[in-house]
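Below is one structure, written out as structure tokens; comments come after it.
The values are calculated or read from the model by the stated rules, or taken from the named source; none is laboratory data. Here the structure is a predicted model, which is why all the values come from computation and not from measurement. In this analysis, Cβ positions are derived from the backbone assuming ideal geometry, glycine residues included, and neighbour counts consider all displayed protein chains.
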């Protein structure tokens, strides 16, 4: 069943599903499978493989729970062939829970208490609907020390009937479906209304089936903060009629012609109403809200993940000496200069902002640093005092070739206070570490951002209102994907980068750094096998993702896996080349017969294609194709904007309802989803733009009071 489900959900062939399961069970990582087992999987990409892995874990967990449920029901002697088949065919967790509910150990309920009082037989008599006398006379037979009156016995029997109705899996499935497709979510202000970001939800109604994910998360947050209360409304009367039709015997489909047992029908109807209002409705509402929240979280995590992927893939600013500027007021602005390799050359502290206002002194200090170190770019963090710092920087660089850029410093303070930062820069203050981080994240975003918890990078929405474990797993997967896609230099990569390489975990990453510090630079990939606790399996998983600059074997500076070195050398020899020709213009590989070579070299066709691609451009950084950061020389404020202005900006964040674009005025402008394109409906902003994109925008509205800018990409 697992194979069939994965095949249908991911639109894969039967053989692909079986092969991928085998590869995963053998301990291969997703990056390794995606890059080096294309011939085995049919070239499945990283994204598909991660979905596959996630669903495989879910389905295996579901199968385990099915087995436990069947075993438990069998132990209490209630398992039938029909029930067993229903459990085995359950496709989702909630369906299994519905089937297992009647047999699950429960806390003491009204029905439990009634059964303890011996009222189960009375409930069964009522359900048969065959009695010909007043139910109270029959109830007299159930009076005992705990049941004093016939009315008490009847009430207890009704509790048992109500729980039985609630435990019926068919009823729950039908009601859940009905509520989801016909119900509405309603919100109201909890107390008196006041101005807040949640004003929209002070009196709000929307169909459950169409409410967008970001509204669900907003409602959840507003409820959590005690601003609003919400409920799900549906046609209760229709649901109760449905239950009555199934619980009452001899009932006509035409309500006006109902025939019933006058002694039992009123009791069953009361039980139905009680069951729905007290037991079913609250449970269904919780389930639907949980489902909506889960789907909203999945969508937000997907957006967050795509944003993070683009942010990590932003083009490095190579060959520049950068001054990182961590702005502040009272404590001063911390400065750090790094060279084009990321090495820290110097640090400084200036006080150009309030309350010291040592502007002239600060300008003089920075100009001296520019002259002394040949600074090309100043990277200003976008935190407190950023605007004031920007104005001073613009004054400093007048008449020079130096440019500046505002850098998103989200997470820089988290890093600067971390154990990792104190180990990396034990002699620096937290402010100095933060300034280094700001400079480095402009120079090489990936290498620096991997040091920070992905959740702290700030490219998503409602990240604090969702399942943190699932968010962390997803974002960690994104970082892992990007790090392995780009690859790392084995001799310069930090522990933080190595930690994300396929097959290399926390301990192994530290061992690699320790080996490097003790023995000097690696001269070959094979030398990794000398690292403590790095065995053959780990080597297989990681070797292709680490590169060595100027190695003994030129193939060690490519993404070609060592397992394919033999085939690569045969290929070069057959075409009258050698390893010194790798990457040169003399290497002509465009007109080779791939099918023939694949068979002759005994290597998969897809692997051969990747080898040829790498031989043409060895060690190519995929980030080279990404837009370059926009550097500036002059300050522009929100007051300088006018309606209709055409500007160029960088997409900084994407949410369900639009994209935020940095146009160089300190306050990002919003391009609403309706303003992304003019000629078609846009389902999600990610279909049009990505984080890091350089886009042309038009100013369509400026709200100085609320410090908001509305932009349009429809120009």
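The residue pairs whose first member lies in the stretch 304-325 and is on the phi > 0 side of the Ramachandran plot, whose second member is surrounded by fewer than 21 Cβ atoms within 10 Å (Cβ to Cβ) and modelled with pLDDT under 95, and whose beta carbons are closer than 8 Å, counting only pairs six or more residues apart or on different chains, are 319/340. Of 547, 532, all but one fail to be in contact with a helix residue (DSSP H, G or I) (Cβ under 7 Å, 6 or more places away or on another chain), within 18 Å of residue 494 (Cα to Cα) and without any contact (Cβ under 8 Å) to a residue 24 or more places away in the chain; the exception is 532.
When the test is whether a residue is under 19 Å from residue 299 (Cβ atoms), touching a strand residue (DSSP E or B) at 6+ places or on another chain (Cβ under 7 Å), outside the structural domain of residue 408 (by TED's automatic domain parsing) and surrounded by 18 or more Cβ atoms within 10 Å (Cβ to Cβ), residue 689 passes it. Checked across the stretch 311-326, the condition of being touching a helix residue (DSSP H, G or I) at 6+ places or on another chain (Cβ under 6 Å) and assigned to a helix (DSSP H, G or I) holds for at least one residue.
Of the set (1) part of a helix (DSSP H, G or I); (2) surrounded by fewer than 24 Cβ atoms within 10 Å (Cβ to Cβ), all apply to residue 492 but (1). Of all residues being in contact (Cβ under 8 Å) with a residue 60 or more places away in the chain and in a loop (DSSP other than H, G, I, E, B) in the stretch 342-392, which is nearest to residue 443 (Cα to Cα)? Just the residue, please. Selected residue: 342. For the criterion of being at pLDDT 90 or above, more than 30 Å from residue 138 (Cβ to Cβ) and more than 24 Å from the chain's Cα centre (by Cα), residue 283 passes. Scanning the stretch 146-200 for residues that are under 39 Å from the mean Cα position of the chain (by Cα), more than 30 Å from residue 215 (Cα to Cα) and part of a loop (DSSP other than H, G, I, E, B) gives 167, 168.
Comparison of 538, 559 shows that the only residue that is part of a helix (DSSP H, G or I), under 38 Å from the mean Cα position of the chain (by Cα) and on the phi < 0 side of the Ramachandran plot is 538.
When residue 544 is tested against (1) part of a loop (DSSP other than H, G, I, E, B); (2) buried (at least 20 other Cβ atoms within 10 Å of the Cβ), just one condition goes unmet, and that condition is (1).
The residue that is nearest to the chain's Cα centre (by Cα), counting only those in the stretch 393-403 that are crowded, with 16+ Cβ neighbours inside 10 Å and part of a loop (DSSP other than H, G, I, E, B), is 402.
Considering (1) more than 14 Å from residue 289 (Cβ to Cβ); (2) out of contact with any strand residue (DSSP E or B) (no Cβ under 6 Å at 6 or more places or on another chain); (3) loosely packed, with under 15 Cβ neighbours inside 10 Å, the lone condition that residue 239 does not fulfil carries the number (3). Listed conditions (1) surrounded by fewer than 15 Cβ atoms within 10 Å (Cβ to Cβ); (2) modelled with pLDDT of 90 or more; (3) over 31 Å from the mean Cα position of the chain (by Cα); (4) under 26 Å from residue 310 (Cα atoms) are all met by residue 618, apart from (1). Counting only helices (runs of 4 or more DSSP H) that sit completely within the stretch 1-69, those holding 3 or more residues that are without any contact (Cβ under 8 Å) to a residue 60 or more places away in the chain, touching a helix residue (DSSP H, G or I) at 6+ places or on another chain (Cβ under 7 Å) and closer than 28 Å to residue 504 by Cβ correspond to 14-25. Just to be sure, is residue 177 without any contact (Cβ under 8 Å) to a residue 24 or more places away in the chain and either touching a helix residue (DSSP H, G or I) at 6+ places or on another chain (Cβ under 7 Å) or at negative phi (or both)? Yes, satisfied.
In the list 2, 73, which residue meets the criterion of being under 27 Å from residue 287 (Cα atoms) and buried (at least 17 other Cβ atoms within 10 Å of the Cβ)?
On the way: 2 fails: buried (at least 17 other Cβ atoms within 10 Å of the Cβ).
Going through 2, 73 in turn, the sole match is 73.
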